[in-house]
Each structure stands twice: as C-alpha cells, then as structure tokens.
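Participant: If you scroll down you'll find the structure; I have some questions about it.
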Amino acid sequence: QVHLVESGGGLVQAGGSLRLSCVASGSIGSINAMGWYRQAPGKQRELVAVSNSGGSANYADSVKGRFTISRDNAKSTVYLQMNSLKFEDTAVYYCHANIRKVLTFQYMDYWGQGTQVTVSS
C-alpha cells in the first residue's frame, strides 16, 4: 500500500517559519503531482501549493511570496517552506500526491493524515 507521512507542524509565532515534509512510501511506481492543502476550522479545504512532475509550481494567492514548495524525487518527498507566517495560516495541513502503484497503470490520489500548524499572534 501507499502511505503519506507528514512532519514539521507545530506552534510558531507570527513572523516565524516552519518547514513541512511529506514522505511517500510503499508500493510506488511513479509520482505525478505532489502538493499541500490546508483546512481551518469551519472552512473548506483549500489548495496551498502544488509541485508538478515537470518542476513547475502553483500557489494560492494568499501564500505567494511567503511559501515555497519543493520536492526530492529520489526520496519521494515534498516540502513546504513557510516563511513570514500569519495567524491566518493556522490550519491542518494535508499532503496530497497523485501516485501510480507498482504493477498498475492508473494514477490515484493519496492523502496524508494532516499536521497541525498553529500561528500565534
């Protein structure tokens, strides 16, 4: 099976930084897009950033210039560097990946368990 494991969340003061990591493991054939979503209490889950297999990236307007997504394909890992954090960034952050399992042809969506990011004012 395929698993996504996140780390790096926690409590940080406004203006501080955190780096989230997400490692994909298991019966992985190949990985297309990897990205990060977040969901605040009472809010819909929203896209934060996505890294495409070709190296390009897309960001939500609210995080442009502050967050940077990167990936290490050899380690099947995606990172989210979060700088200049604001209180409004407080949410559960979820890792997402589009993955083809070994011995299959179809790409499927996988989600991590979520990691809490809390930014204090």
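Read-outs: derived from the displayed coordinates by stated rules, not from any lab. Nothing here was measured: the structure is a model prediction, and the numbers come from that model. Cβ: placed from backbone, ideal geometry, glycine included. Neighbour counts: every protein chain shown.
Participant: State yes or no: is VAL78 farther than 19 Å from GLN13 by Cβ and either in contact (Cβ under 8 Å) with a residue 40 or more places away in the chain or in a strand (DSSP E or B) (or both)?
Facilitator: Yes: the conditions hold for VAL78.
Participant: Counting just the residues of segment 30-47 that are out of contact with any Phe, Trp or Tyr (no Cβ under 9 Å at 6 or more places or on another chain) and over 20 Å from TYR59 (Cβ atoms), which one comes out surrounded by the most Cβ atoms within 10 Å (Cβ to Cβ)?
Facilitator: PRO41
Participant: Somewhere in segment 95-118, is a residue in contact (Cβ under 8 Å) with a residue 60 or more places away in the chain, within 25 Å of VAL12 (Cα to Cα), buried (at least 18 other Cβ atoms within 10 Å of the Cβ) and among the aliphatic types (A, V, I, L, M)?
Facilitator: Yes.
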